[in-house]
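K.L.:
Just passing along the structure, written as structure tokens.
Laboratory data are not the source of any read-out in this text; all were calculated from the coordinates shown. Predicted model only: the values in this text are computed from it and were never measured. FYI the Cβ positions are ideal-geometry reconstructions off the backbone, even for glycines, and counts take in every protein chain you see.
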Amino acid sequence: MTAWLATNLVAAALLPPLVLILFLAGGLILHRRRPRLAMSLILLATLALYALSTPWVGGLLQKSLEISGPVRAIDLEAADAIVLLAGGSYYEATEYGGDTPNAISLERLRYAVRLHRASGLPILVTGGIPGGGNLAEGRILQQVLQDEYAIAPRWVEDAARTTWDNAQLSAPLLKQADVQRIALVTHAWHLRRAVPLFKLQGFDVVPAGTRFARSSLDSVFDLLPTPAGLRDSSFALHEWLGIVWYKLRSIFAEGTS
């Protein structure tokens, strides 16, 4: 079992929906021997499932991760390159005849294209094959940029399996080209975790987030549970868990160095 697989299995057990299913299962198992504890577990899981499934809570959780607003033109002008982080692939897409970017990667790619056309900055794409597939995510993004936008990335990093890897493996490519300041393109909720990792590699980082969260309570529908609400909450909690894990990893690395 690889470290990547083990880490993601542990994360899945700590995050919704699996952690809520485990609480419900615990409640059902204990309902005869420990009825009060069982009822508490079931009630907690039910309330958490409702809250995390609402668009309002999902938006609040994602908003809590945002570290900046949309990138300003003046900040983009000072950058040397655009770094585009892959966010996953749709493997063996029959309608495309092979692997293609998933929705998360496409949202990031589209914004990177917008910034490239506004600034003329070269693009680095980064992403390996963390969960399967035939082609590295970086190579898939490269194909889409070339075939659909007539943009050739200057650099392609195709081995990263985590955000930590994205920073470590992209750094040599950028430093060889004397890149010092980057515009980092990813989702707004991902920047809090991604930016410090690239700073650790010695880069000045301009956060260039896309898909900023909406956290206002505009209608009753924001309080109704939806699959999209649970997805947004899960993404946000995954990020907070990742931030804690990376901080612990850094502390451990310093202690053993």
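K.L.:
Multiply the residue separation of Tyr149 and Leu14 by 0.36 nm, subtract the distance between their alpha-carbon atoms, and state the gained length in nm to one decimal.
P.N.:
Full extension from Tyr149 to Leu14 adds 44.7 nm.
K.L.:
Looking only at the stretch 73-210, where both bridge partners belong to it, what percent of the DSSP beta bridges are antiparallel (to the nearest 5)?
P.N.:
Given both bridge residues lie in the stretch 73-210, the antiparallel proportion sits at roughly 15 percent.
K.L.:
With just the Cα atoms defining each centre, how far is the stretch 121-156 from the stretch 1-61? Give it in Å.
P.N.:
The stretch 121-156 and the stretch 1-61 have Cα centres separated by 36 Å.
K.L.:
Dipole magnitude of the chain about its Cα centre, charges +1 at Lys/Arg Cβ and -1 at Asp/Glu Cβ only, in debye to the nearest 20?
P.N.:
Using Cβ point charges on Lys, Arg, Asp and Glu, the chain gives about 980 debye.
K.L.:
Between Leu115, Gly138, Ala150, whose Cα lies farthest towards the positive end of the dipole of the stretch 73-210 when Lys and Arg beta carbons carry +1 and Asp and Glu beta carbons carry -1, centred on the Cα centre?
P.N.:
Leu115
K.L.:
Tell me the angle of helix 163-176 to the major Cα principal axis of the chain, expressed in degrees between 0 and 90 and rounded to the nearest ten.
P.N.:
10
K.L.:
Only counting other Cβ atoms within 10 Å, I'd like Asp218, Asp75, Asp158 sorted with the fewest neighbours first.
P.N.:
By the 10 Å Cβ count, ascending, the order reads Asp218, Asp75, Asp158.
K.L.:
Here is a follow-up. Using the Cβ atoms and a cut-off under 15 Å, what net charge is assigned to the surroundings of Tyr149, where Lys and Arg are +1 and Asp and Glu are -1?
P.N.:
Computed value for this residue: +2.
K.L.:
Related question: On a straight-distance basis, which lysines could pair with Lys175 in a cross-link, Cα separation under 27 angstrom, same-chain partners fewer than 8 positions away excluded?
P.N.:
Partners found: Lys199, Lys247.
K.L.:
Then there is this: Can you give the charge dipole size of the stretch 101-154 about its Cα centre, rounded to the nearest 20 debye, using +1 on the beta carbon of Lys and Arg and -1 on the beta carbon of Asp and Glu?
P.N.:
180
K.L.:
Among Val206, Met39, Asn102, which residue has its Cα positioned farthest towards the positive end of the charge dipole of the chain, with +1 placed on the Cβ of Lys and Arg, -1 on the Cβ of Asp and Glu, and the dipole taken about the Cα centre?
P.N.:
Projecting each Cα onto the dipole axis, the largest value belongs to Met39.
K.L.:
How large is the charge dipole for the stretch 1-116, taken about the Cα centre, if only the Cβ atoms of Lys, Arg (+1) and Asp, Glu (-1) carry charge, to the nearest 20 debye?
P.N.:
Dipole of the stretch 1-116, to the nearest 20 debye: 920 debye.
K.L.:
For a footprinting-style exposure proxy, rank His187, His238 by other Cβ within 10 Å, fewest first.
P.N.:
The most exposed by this proxy come first: His238, His187.
K.L.:
Restricting to the chain, compute how many DSSP beta bridges are antiparallel as a %, nearest 5.
P.N.:
Approximately 15 percent, going by the DSSP bridge assignments.
K.L.:
Positive end of the dipole of the chain, charges at C-beta (+1 Lys, Arg; -1 Asp, Glu), about the Cα centre: which of Ala81, Ile29, Val19 has its Cα farthest in that direction?
P.N.:
Comparing the listed Cα positions along the dipole, Ile29 ranks first.
K.L.:
Which one is right for this structure if Rg/Rh (Cα atoms, Kirkwood Rh) is calculated from it: (1) 1.02; (2) 0.94; (3) 0.99?
P.N.:
Working out Rg/Rh (Cα atoms, Kirkwood Rh) from the coordinates points to (1).
K.L.:
Now a separate question. Ranked by Cβ crowding within 10 angstrom, fewest neighbours first, how are Tyr50, Tyr111 ordered?
P.N.:
Ordered from fewest to most neighbouring Cβ atoms within 10 Å, Tyr50, Tyr111 come out as Tyr50, Tyr111.
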